[in-house]
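Have a look at the structure below before the remarks.
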Amino acid sequence: MNIFIPQKVKFILDTLISNGFDAYIVGGCVRDSILNKIPNDYDVTTNAFPDDIMRLFDKIIPTGISHGTVTVLIDKEPFEVTTFRTESDYLDNRHPSKVFFVKDVKEDLSRRDFTINSMAYNTKYGLVDPFNGVKDLNLKIIRCVGDSSLRFKEDALRMLRAIRFSSQLDFQIDNNTLSAISENKDLLKNISAERIRDELIKMLLSDKAFIAINHMINTKTLKVILPELYEILLTNKSLNNIDLLPNKLYIRLCYLMIPLENFKLCKGLLKHLRFDNNTINLTMKFYDAIFKNFNLQDRVSIKNLIYNISKNNIFDFLSLLKIIYINDFDHIKLIENAQLQVEDIISNKEPLSIKDLKINGNDLKELGIKDGRIIGSILNFLLENVLRNPEINTKNHLLKLSNQYINKSPVS
C-alpha cells in the first residue's frame, strides 16, 4: 500500500529515520489517506525522545513535553511529533496522570481509540495495522481498540468521537462499542462543555448529522449533555431532515433546538455549551423569527423579516423554513412566493429601516423639532409609510409627511 506523504512531513520522517529512529505518520491522516480523503493535518509518531526531536530540528515548540509531544515548524507550518507512549491512571476520564515512553509503535497504537485510527505508515515499513483498521474501514465499522468500556473510562470524550465519526464517515458503530457508550454515558459529566461543544459542532456539520442525533438519543448520551432536549426528541421525530439544511452551524443549531419552543431555554443551553456570541446571536435571531410567525403573504411583513434576519441571511432562513414545513405543500408554496418577493425587494433596493430613509433626525431638527422622542415617533411613522410605498422615499415627500404628522399630533 502506497500512501502519499507531503514533502514537509516526509522531511520530518526522513530526518528522524536517517538519525537512527523509527518514525511514522499516524492516526487520522492514515485513515483519511486510505479512504482517498485529503487529511486535515499530519501527525508523526516516533521512538525518538522529546530531547532528540528538539536536537534534530531547528524550529520547535515544546507543546507537551511531559506527554512526549513536540511541535516541529517547517516553513512556519506546525506538525506534532510525539514519542511512542502508553498511558495509565485516567483520573478525570480525560487526561492520563502517567505517560510511559515505549520503543514499539504497536504498543503506541494499542492506546488509541478506534481501530481505524490505530494505524501508522512510512515508506520504509509500509502500513502498520495491528488491530485490523483497514478491515474495519472496508466494513465501514467504528470499533474500539480492545475493551470498549476501558477505552471510554480512559477518555469519556471518545464516546462522542465514535458518534461523530459515524456521522462524518457514514459508518456503523460496532455493537460492543455502542453498548459500552450506553453503559458509560454518565462519564460525560466529567468532560468540559467546550470539548462537548466541539464534538457537537462536527456532528451537526457532517453529511449525516441525523445519524449522530439518533445515536445520541438511543445511547442516552444526549440525556447527559442536553437533558432538556433529550426528553423532547425522545418522542419527537422532527429532526429527520436536518441533513437537507445548508451546512451552516447556526442554521442547524436552530433546527436542533426548535422542538424546545422556548427562546430563553435555547439561549441558555447554547451559553452552557460555551458557543461564541456570534453563533448564539445568529442562532437566536433565526429562532426568534420562526416563532414570530411573520406574514409571508404581506410585503411589508416580508420587509420586516428581511430587516430582522438581514439581507445576507434571509435566503438561508427561507431554506430553513422549507425544511421545517417540508411536508406541507401549501406552506412550501407560500415560502417560495415569499422568496420571489424577497428577491424583488433586494434587487430594487427597497428601504427596510429608518437608516434607509432619505431624511434623518437632523432634517427634522431643522423643522424646529427638538424632542428626541417626537423625532423617533416621526421617523417610525415615515418608515411605516415607506415600507408600504417605497416610491415616496424622497426628501421632499418625507418632509411633507413629517409636517402633516406634526400638525395632526396633539401639543405636548
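The values are calculated or read from the model by the stated rules, or taken from the named source; none is laboratory data. Note that this is a predicted model, so its numbers are computed, not measured. Heads up, the Cβs are rebuilt from the backbone with ideal geometry, glycines too, and the neighbour counts pull from every protein chain shown. Side chains are part of the model used for accessible areas, which takes the heavy atoms of the whole protein and leaves out ligands, DNA and RNA. Shrake-Rupley method; radii C 1.70, N 1.55, O 1.52, S 1.80 Å.
I'm told Lys365 meets every condition in (1) surrounded by fewer than 12 Cβ atoms within 10 Å (Cβ to Cβ); (2) free of Cβ contacts under 8 Å to residues at least 12 places away in the same chain except one. Can you identify the failing condition by its number?
Evaluating Lys365 over (1) surrounded by fewer than 12 Cβ atoms within 10 Å (Cβ to Cβ); (2) free of Cβ contacts under 8 Å to residues at least 12 places away in the same chain leaves (1) as the failure.
Tell me which residues, restricted to the stretch 127-176, are surrounded by 23 or more Cβ atoms within 10 Å (Cβ to Cβ), part of a helix (DSSP H, G or I) and of a type in the set (Val, Ile, Thr).
Residue satisfying the conditions is Ile163 alone.
Among what's in the stretch 2-32 and is within 24 Å of Lys76 (Cβ to Cβ) and polar (S, T, N, Q), pick the residue that is nearest to the chain's Cα centre (by Cα).
The residue in question is Gln7.
Mind telling me which of the residues Leu282, Leu357, Leu321, Leu273 ends up being more than 30 Å from Ile225 (Cβ to Cβ) and touching a residue at least 24 places away in the same chain (Cβ under 8 Å)? Don't jump to the end; show me each part of the working.
On the way: Leu282 fails: more than 30 Å from Ile225 (Cβ to Cβ); Leu321 fails: more than 30 Å from Ile225 (Cβ to Cβ); Leu273 fails: more than 30 Å from Ile225 (Cβ to Cβ).
When all the criteria are applied, what remains is Leu357.
Taking the stretch 390-410, which residues are surrounded by 12 or more Cβ atoms within 10 Å (Cβ to Cβ) and either acidic (Asp, Glu) or part of a loop (DSSP other than H, G, I, E, B) (or both)?
Within the stretch 390-410, Asn393, Thr394, Ser409 meet the criteria.
Report the residue count in the stretch 203-216 for those that are in contact with a helix residue (DSSP H, G or I) (Cβ under 8 Å, 6 or more places away or on another chain), over 13 Å from Ile142 (Cβ atoms) and open to solvent by 20 Å² or more (accessible area, probe 1.4 Å).
The total comes to 3.
Could you check Val44 against (1) in a loop (DSSP other than H, G, I, E, B); (2) within 27 Å of Phe165 (Cβ to Cβ) and say which number it fails?
Among (1) in a loop (DSSP other than H, G, I, E, B); (2) within 27 Å of Phe165 (Cβ to Cβ), the lone unmet condition for Val44 is (1).
Just to be sure I understand, how many residues within the stretch 364-389 are farther than 25 Å from Ile345 by Cβ and part of a helix (DSSP H, G or I)? Reasoning before the result, please.
Filtering the stretch 364-389 for residues farther than 25 Å from Ile345 by Cβ gives 364-375, 377.
With part of a helix (DSSP H, G or I) added as a condition, the list becomes 364-366, 372-375, 377.
The qualifying residues number 8.
Test each condition in (1) buried (at least 18 other Cβ atoms within 10 Å of the Cβ); (2) free of Cβ contacts under 8 Å to residues at least 24 places away in the same chain; (3) in a loop (DSSP other than H, G, I, E, B) for Leu222 and report the one that comes out false.
Failing condition for Leu222: (3).
Could you please let me know if Leu340 is surrounded by 11 or more Cβ atoms within 10 Å (Cβ to Cβ) and among the hydrophobic types (A, V, I, L, M, F, W, C)?
Working: surrounded by 11 or more Cβ atoms within 10 Å (Cβ to Cβ): no; among the hydrophobic types (A, V, I, L, M, F, W, C): yes.
Spelling it out, it is not the case that Leu340 is surrounded by 11 or more Cβ atoms within 10 Å (Cβ to Cβ) and among the hydrophobic types (A, V, I, L, M, F, W, C).
How many residues are over 26 Å from Asn240 (Cα atoms) and open to solvent by 20 Å² or more (accessible area, probe 1.4 Å) when one looks only at the stretch 302-334? Give the steps one after another, and end with the answer.
First pass over the stretch 302-334, keeping only residues over 26 Å from Asn240 (Cα atoms): 302-308, 310-312.
When the remaining residues are screened for being open to solvent by 20 Å² or more (accessible area, probe 1.4 Å), the result is 304, 307-308, 310-312.
Here the count works out to 6.
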